[in-house]
Amino acid sequence: VLASERNLGFAAANNRAMALARGRFFLLLNTDAFLHPGCLAALAAHLEQHPQTGVVGPQLRYEDDSLQRSCWRFPSPWRTWAEALWVSGVLADHPWVGDYRRWRHDMVMAVDFVIGACLLVRRAAYEQVGGFDERFFMYQEEADWELRITRAGWRVDFTPAGTATHLAGGSGKKEAQRVSDQFYQSLDKFRLKHYGLVGLLSMRAAQAAGAVLRVAVWGAAALLPARRKVALVKMRFQAQILRRQIFVGLPTRP
């Protein structure tokens, strides 16, 4: 057990542990994630059987046992525009434009990245690319890390052979606004690091445009009495995104 006098953040805390770990594989497990029987054995077996895989994640379930989406595409300017304009939603199964949202997470597949709630990582991949970028306090650190691992020639896999329950945000429920702000700050850092200032501006413009489009659509839905309550909540949420993308300053460095 490594105890810290302050909260180091997900990236720095895991780096501290991995620097001292001696095993061939490292299990990264959030405080709000819980392994089902046999999950760890299944993940380890997958890495044993697939020597080119550097990271593998299990199927995640919510507390009510419903499926949780755990695989995502890397954020990029063109993909952000595709998502903002609903292209990814309409063509969700397209190999290039799709975003895994309709995939039932029921088969082994190489993916862009798996969320950091539960990951088994090969030591050799860690030794090749290093640990997490500690400039990410929380969020996007796993996307950045798995992108670097992928670029180094390793695969990132998903397997349904192992299952874990993830409470999805359980660690930050008491500070919802702070968590939301942290998410967008980390997303901006990721954009600036991998796509530069032009890419960052393009992606923020895409999210702003997408928010305007959704405010208009939900505004029309609010005219229907049966949809009004939900529509107003959605409109307020999209309005917050729009204000954030327009008025919050840009990071000066990743």
| remark: In the range 54-96, anything charged (D, E, K, R) and under 25 Å from Gly162 (Cα atoms) is listed as Arg61, Glu63, Asp64, Asp65, Arg69, Arg73, Asp93
| note | For Val108, the lone unmet condition from (1) touching a His at 6+ places or on another chain (Cβ under 9 Å); (2) without any contact (Cβ under 8 Å) to a residue 24 or more places away in the chain; (3) under 27 Å from Ala45 (Cα atoms) is (2)
| query | Quick one: would you say Thr31 is in contact (Cβ under 8 Å) with a residue 12 or more places away in the chain, part of a loop (DSSP other than H, G, I, E, B) and open to solvent by 10 Å² or more (accessible area, probe 1.4 Å)? | reply | yes
| task | Give the residue that is farthest from the chain's Cα centre (by Cα), with candidates limited to residues of the range 55-83 that are among the hydroxyl-bearing types (Ser, Thr, Tyr) and either over 17 Å from Cys118 (Cβ atoms) or surrounded by fewer than 18 Cβ atoms within 10 Å (Cβ to Cβ) (or both). | result | Ser66
| Gly196: at positive phi and either part of a helix (DSSP H, G or I) or surrounded by fewer than 17 Cβ atoms within 10 Å (Cβ to Cβ) (or both), yes or no? | yes
| query | Cβ-Cβ below 7 Å, separation at least six or inter-chain, first residue in the range 243-254 and farther than 13 Å from Asp181 by Cβ, second open to solvent by 70 Å² or more (accessible area, probe 1.4 Å): which pairs? | reply | Pro254/Arg135
| field | Top-ranked residue of the range 94-111 - restricted to ones that are charged (D, E, K, R) and exposed (fewer than 12 other Cβ atoms within 10 Å of the Cβ), ranked as farthest from Val215 (Cα to Cα) | value | Asp106
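Residues are listed down the side, and each one gets a yes or a no for (1) in contact with a His (Cβ under 7 Å, 6 or more places away or on another chain); (2) modelled with pLDDT of 80 or more:
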residue: Gln140; (1), (2): no, yes
residue: Asp144; (1), (2): no, yes
residue: Ile149; (1), (2): no, yes
residue: Trp154; (1), (2): no, yes
residue: Thr159; (1), (2): yes, yes
residue: Thr163; (1), (2): yes, yes
residue: His166; (1), (2): no, yes
residue: Ser171; (1), (2): no, no
residue: Ala176; (1), (2): no, no
| task | For Val87, state whether it is under 26 Å from Ser186 (Cα atoms), crowded, with 17+ Cβ neighbours inside 10 Å, out of contact with any Gly (no Cβ under 9 Å at 6 or more places or on another chain) and β-branched (Val, Ile, Thr). | result | yes
| Got at least one residue in the range 170-189 being open to solvent by 30 Å² or more (accessible area, probe 1.4 Å) and more than 20 Å from the chain's Cα centre (by Cα)? | yes
| message | Checking Leu223 against (1) open to solvent by 70 Å² or more (accessible area, probe 1.4 Å); (2) of a type in the set (A, V, I, L, M); (3) not in a loop (DSSP other than H, G, I, E, B): exactly one of these is not met. Which one? | response | (3)
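For the structure I just gave you, tell me whether Gly23 is in contact (Cβ under 8 Å) with a residue 24 or more places away in the chain, outside any helix (DSSP H, G or I) and closer than 20 Å to Glu141 by Cβ.
no
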| Some residue of the range 2-10 being open to solvent by 40 Å² or more (accessible area, probe 1.4 Å), among the basic types (Lys, Arg) and in a loop (DSSP other than H, G, I, E, B) | yes
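The values are calculated or read from the model by the stated rules, or taken from the named source; none is laboratory data. Remember, predicted model here, so these are calculated numbers, not experimental data. When we count neighbours, we look across all protein chains shown, and the Cβ atoms used for this are built from the backbone with ideal geometry, even at glycine. The area values use the complete protein model at the heavy-atom level, side chains included, leaving out ligands, DNA and RNA. Shrake-Rupley method; radii C 1.70, N 1.55, O 1.52, S 1.80 Å.
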